[in-house]
1. Can you pull out every residue in the range 1-24 that is under 11 Å from residue 79 (Cα atoms) and at pLDDT 95 or above?
2. For the range 4-34, which residues satisfy the criterion of being of a type in the set (Phe, Trp, Tyr), farther than 11 Å from residue 71 by Cβ and not in a loop (DSSP other than H, G, I, E, B)?
3. Filter the range 13-62 down to the residues that are surrounded by 14 or more Cβ atoms within 10 Å (Cβ to Cβ) and of a type in the set (D, E, K, R), then identify the one that is nearest to residue 80 (Cα to Cα).
4. Starting from the range 25-50, take each residue that is modelled with pLDDT under 95 and list its partners that are among the basic types (Lys, Arg), counting only C-beta distances under 7 angstrom and pairs at least six apart or across chains.
5. Condition check: touching a Phe, Trp or Tyr at 6+ places or on another chain (Cβ under 7 Å), assigned to a strand (DSSP E or B) and polar (S, T, N, Q). Does residue 37 satisfy that?
6. Just to be sure before I move on: is residue 74 aromatic (Phe, Trp, Tyr) and out of contact with any strand residue (DSSP E or B) (no Cβ under 6 Å at 6 or more places or on another chain) in the structure I sent?
7. Let me spell it out: the conditions are (1) more than 12 Å from the chain's Cα centre (by Cα); (2) closer than 20 Å to residue 17 by Cβ, and residue 73 meets all of them except one. Which number is the exception?
Amino acid sequence: MCYEPKVKVLKFYPYRKGFVRGNSVIQFPIEPMRNFQKMLAQIAGVDCDNHTCFLVEMEDAAISDKKVVAFMFFDLVMYMGDRVEEKSW
């Protein structure tokens, strides 16, 4: 049986108000991540924009585990880390 993780947006950081940080920050090409960005924006009730961050709680029912993950969307990449530094840049 396949379980789809539940996604809850804990906080949205508008244009250039947050920056993803963490011990392990991973970079992904933006194009395959566009639908994911749109999904997070829809959950948060905001419009998609560039240079935005989402702090997200992801719950996997198959392993009864919750993780907080941060995502930042740029021109060509999406960054994933475990926290967002609030700052204007």
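The values are calculated or read from the model by the stated rules, or taken from the named source; none is laboratory data. Note that the coordinates shown come from a computational prediction; the quantities given were computed from them, not determined experimentally. Virtual Cβ from ideal backbone geometry, glycine too; neighbours counted across all protein chains shown.
1. Result: 19, 20, 21.
2. If the condition is that a residue be of a type in the set (Phe, Trp, Tyr), farther than 11 Å from residue 71 by Cβ and not in a loop (DSSP other than H, G, I, E, B), then 19 is the only one that fits.
3. So the residue we want is 21.
4. 48/38
5. no
6. yes
7. Only one criterion in (1) more than 12 Å from the chain's Cα centre (by Cα); (2) closer than 20 Å to residue 17 by Cβ is unmet by residue 73, namely (1).
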